[in-house]
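The values are calculated or read from the model by the stated rules, or taken from the named source; none is laboratory data. Quick caveat: nothing in here was measured; it's all calculated off a predicted structure. No Cβ is skipped: glycine too gets one built from the backbone with ideal geometry, and neighbour counts run over all protein chains shown. Each accessible area value is taken on the protein alone, full model and side chains, heavy atoms only, with ligands, DNA and RNA left out. Shrake-Rupley method; radii C 1.70, N 1.55, O 1.52, S 1.80 Å.
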Amino acid sequence: DEPARSVPASFAMVESEAQKWLDDADEARKAVDQYSSAVPTELVAYYAKKKGLSIKDPQVAKLIAVSTEEFLTRVLGDAVELTKKLQSSTAAGRKEATTDENQNNDLTLHMDILAKALKDNGVNVSGSQYYFE
């Protein structure tokens, strides 16, 4: 049997947790406000309006812009890692790789690699290479 908890103690605990959540949310809001996203809020508002959604609060558009940038950064980072792995395994398989090829640090993003990176982040690409669900 568990000892009965007093209502005031549990209320104080819930109130403390709620206050911590509010403080964390306020800190996150301030960080988003100070961050300059590469995705313009006007672009977010344009596509929202195109889909029939009106964003009246500029902080909502800013949060979507920052989230979009974070998503793009994650997908492209994954794509870079996959491309490097593919290039290193391909170069290891070729004994005639030249010094010039090894010095070239340019990476080329291919659709199949991008599709894999997108899939790893929850976006499925199906059908034609250029048709997204």
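Close contacts from region 102-120, counting a first residue that is closer than 12 Å to residue 86 by Cα and a second that is at pLDDT 90 or above, with Cβ to Cβ under 6 Å and a gap of 6+ residues or different chains, come to 107/83; 109/79; 113/79; 113/82; 113/83.
For beta carbons closer than 6 Å, sequence separation of 6+ or different chains, a first residue in region 21-41 that is part of a helix (DSSP H, G or I) and a second that is open to solvent by less than 60 Å² (accessible area, probe 1.4 Å) and modelled with pLDDT of 90 or more, the qualifying pairs are 32/62; 32/66; 41/61; 41/62; 41/65.
Could we say that residue 85 is among the charged types (D, E, K, R), exposed (fewer than 15 other Cβ atoms within 10 Å of the Cβ) and at pLDDT 95 or above here? Spelling it out, it is not the case that residue 85 is among the charged types (D, E, K, R), exposed (fewer than 15 other Cβ atoms within 10 Å of the Cβ) and at pLDDT 95 or above. Screening the candidates 8, 3, 40, 58 for the property of being at pLDDT below 95, surrounded by 11 or more Cβ atoms within 10 Å (Cβ to Cβ) and not hydrophobic (A, V, I, L, M, F, W, C) yields one hit, 58. Among the residues of region 91-106, which ones are open to solvent by less than 70 Å² (accessible area, probe 1.4 Å) and either modelled with pLDDT of 55 or more or assigned to a helix (DSSP H, G or I) (or both)? Within region 91-106, 91, 93 qualify.
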